Every structure is written in C-alpha cells, then in structure tokens.
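The values are calculated or read from the model by the stated rules, or taken from the named source; none is laboratory data. Worth saying up front: this structure is predicted, and the values here are computed from it rather than measured. Here the Cβ is made from the backbone with ideal geometry for all residues, glycine too, and neighbour counts use every protein chain on show.
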Amino acid sequence: MESNQPIDDTLPPWARNSAMLIGQEAHDLGLELNSPDPIYSTFSVFPTRTPSDSAYDFRDHYTVPSFHVPPAYTVNNVPEMASRMPAFSDETLFCIFYQMPRDIMQELAASQLNQRDWRWHKVLRKWLQKDTREANAGAAPSLIDHTNGAPIGQDPIRLNDRSERGIYIFFEEKDWRRERREFTLDYDSLYAVPLVAPAGAYHAGGRAGNLSIMNGGPVGGPSAEQNAMTSPS
C-alpha cells in the first residue's frame, strides 16, 4: 500500500478522495511490519466488542484461527473417476464434459456419451440423440417437447446422401435439460467417434491428446456410427 502519491487531476472529485485509489500508509494500520513472522494471521476485519480508539489496530480484531480438517472427514478409498465412467448418469457425464475442457476426463465422458448414442454437433456445439422411446423415457420429466406432440420413435426422412430430417433430442447445457425438436441433420456436422485408449492409459488430471471435441473435428463423410443413427431401431 502506497501513500503520498500524486493524484491524477483528471479523476472526478469523489475518486480523488477515495482511500482505495489514493492508498493508505501501512504504518498507520498498526501492523507489525518488522515482525519476522507472517502478519496476515494477526489482521482481521472482524472487530471486538470493546475496541480501542484506533480504527486500524489489529489487536482490536478477532483473528481467524487456523482450521484443520479432522481425519474422519478425509476419504482416501474413492476410486478414480476414469474407472467409474460407465456407472455415471448422462447428466453426470455432461457435467464432466463441460466442466473439464481439454482434459482426459472430458475425452472419456465424450466416449461414454457416444456409447449411449449421443452425438456431438460441431456447428451447434451441442449433444443430440436420436428420438427413441428409450431416450424419451430416460429424459423424463425434464424433457421439453417442441414438436407439438409428434409421435415418438419415427425414423428420420433421408433428404440426400449427406443429410436427413427428423426428431432429435438435444441437451441444452445452459438450461441443463433435454429438448425434443425437429431438425435437419447434416452428417458432416457430426463429430467422429472419439478413440478409446487401452485400459489404464488415462488418469485423473491428465490432458487430452488428439481429441479436441470442443473445437470441432475432422470433416468427412458419414461414418458407420453416424449412419447407425439413422438406421431403424
């Protein structure tokens, strides 16, 4: 904290007299600046019930005591997240995917979502799924239907070799819910299925290798997995 510094004349009057901008003389705060021990533990913003005349004397404040977590609250036998991916719900996998960008855990979550028939749309940057009775049952009651009651499980209409139109279920991360709506799907907009490394190749806190699903991905013709999305159930 510095004091006695020149004041900028271009500042408005209220800012020229602000202690936050001008600064405060550290010696006036009553801190033991010459103490060999850390002084942060002796200063607190919580006043005592019987303060002295000094507004800055640290002795007039309650200091926050050091706190240690009891051993009973320490859990060490929790399995690694990577080994638990198949047991997680779709919502948990979405949470891992969005909260751990460019991490190995994001890659594993994306791979698990692909195994559950979710596909990543590179243009919309959203997950979508074919409209089936199983997908609708798993999404209830948070599913929002924007199709005006279209029948469930209808096969999409193939428009050409590169696209189709039908009913799909989208996961909206901002509202954290699933929405069912009609959509024209371009196969080139779907991300390729992430590669799964051999067992034990992933560990918590690792960084993603070749997968950069949030930034797009290789563009090409429909893969076998993409075509499977349009095949009858």
Is it fair to say GLU107 is farther than 19 Å from GLU179 by Cα, of a type in the set (Asp, Glu) and part of a helix (DSSP H, G or I)?
-> yes
Of all residues in the stretch 81-104 being assigned to a helix (DSSP H, G or I) and acidic (Asp, Glu), the one that is surrounded by the fewest Cβ atoms within 10 Å (Cβ to Cβ) = GLU91
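One line per residue, one yes/no per condition, for (1) of a type in the set (Gly, Ala, Ser); (2) at pLDDT 65 or above; (3) under 30 Å from ILE169 (Cα atoms):
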| site | (1), (2), (3) |
| --- | --- |
| GLU2 | no, no, no |
| PRO13 | no, yes, no |
| ARG84 | no, yes, yes |
| LEU93 | no, yes, yes |
Within the bounds of the stretch 43-64, is there any residue that is at pLDDT 75 or above and not assigned by the TED database to the domain that holds PHE171?
-> no
Flag if THR74 is β-branched (Val, Ile, Thr), loosely packed, with under 10 Cβ neighbours inside 10 Å and at pLDDT 85 or above = yes
Pick out, from the stretch 111-185, the strands (runs of 3 or more DSSP E) lying fully within it that include 3 or more residues that are under 17 Å from TYR98 (Cβ atoms).
-> 118-121, 126-130, 163-172
Does the stretch 154-168 include one or more residues that are surrounded by 16 or more Cβ atoms within 10 Å (Cβ to Cβ) and closer than 21 Å to LEU93 by Cα?
-> yes
Selection within the stretch 103-121 - under 25 Å from SER163 (Cβ atoms) and touching a residue at least 60 places away in the same chain (Cβ under 8 Å) | ALA110, ASN114, ASP117, ARG119, TRP120, HIS121
